[in-house]
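Notes follow once the structure below has been shown.
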Amino acid sequence: MRQSQKSKVKNQKHSSKFKSKNIFLNIIHYLCPISKYKIIGESMYPILRSGDFVLVNRLAYLYSAPKIGDIVAARDPRDGKIIIKRVIKIENTKYHVEGDNRTASTDSRTFGLIDKNDIIGKVIFVLYTTPL
């Protein structure tokens, strides 16, 4: 076997291992009930600061509903991006969510109520990366 053929075989093996590792990590992430999200912006200041990380329990609302005061991760109904907000009001299975820093928050006052299906989970832990 020539050198160029050996390189191709080696690269294919490496690529196959990389794909297998990615598939494995995706399965673990899907099965794990905890997700980590980075805070971008100041809408939840002073509780959460830009650069902080939060851990979200994706199973928290499997058999129960969010309560007023809960900080939740949800999908923005306009573009599907993940947002971190506080539940302010509940109307049936619709939730009014707002940031704690009202002047710097785009929330239900802008995009309206969000459905329970758009709530990903409850924030259970904050990993501070910025000095308090």
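The values are calculated or read from the model by the stated rules, or taken from the named source; none is laboratory data. All values reported here derive from a predicted model rather than from experimental measurement. Cβ sites come from the backbone with ideal geometry, for glycine too, and all protein chains shown count toward neighbours.
Being in a loop (DSSP other than H, G, I, E, B) and buried (at least 16 other Cβ atoms within 10 Å of the Cβ) is the filter; apply it to the range 59-76 and report the residue that is nearest to the chain's Cα centre (by Cα). Full working, then the answer.
If we filter the range 59-76 for residues that are in a loop (DSSP other than H, G, I, E, B), which is where we start, we get 59-70, 76.
Subset that is buried (at least 16 other Cβ atoms within 10 Å of the Cβ): 60-61, 66, 70, 76.
Numbers: Ala60: 14, Tyr61: 15, Pro66: 16, Asp70: 15, Asp76: 11 Å.
Ranking the candidates gives Asp76 first.
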Worksheet item: Out of Ser35, Ser108, Ser43, which single residue is touching a Ser or Thr at 6+ places or on another chain (Cβ under 9 Å), surrounded by 14 or more Cβ atoms within 10 Å (Cβ to Cβ), hydroxyl-bearing (Ser, Thr, Tyr) and at negative phi?
Response: Ser43
Worksheet item: If you check Ile47, Ile68, Ile82, which single one turns out to be under 13 Å from Gly121 (Cβ atoms) and of a type outside the set (Asp, Glu)?
Response: Ile82
Worksheet item: Out of the range 117-132, which residues are modelled with pLDDT of 95 or more and either part of a loop (DSSP other than H, G, I, E, B) or among the charged types (D, E, K, R) (or both)?
Response: Asp118, Lys122
Discussion item. I'd like to verify a number: residues in the range 77-96 that are loosely packed, with under 14 Cβ neighbours inside 10 Å and not β-branched (Val, Ile, Thr), how many?
Written reply: 7
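Every residue, every condition in (1) over 21 Å from Lys36 (Cα atoms); (2) not acidic (Asp, Glu), yes or no:
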| position | (1), (2) |
| --- | --- |
| Ser64 | yes, yes |
| Ala73 | no, yes |
| Asp76 | no, no |
| Ile88 | yes, yes |
| Thr93 | yes, yes |
| His96 | yes, yes |
| Asn101 | yes, yes |
| Ala104 | yes, yes |
Practice prompt. Keeping to the range 46-58, report how many residues are surrounded by fewer than 17 Cβ atoms within 10 Å (Cβ to Cβ) and not β-branched (Val, Ile, Thr).
Written response: 6
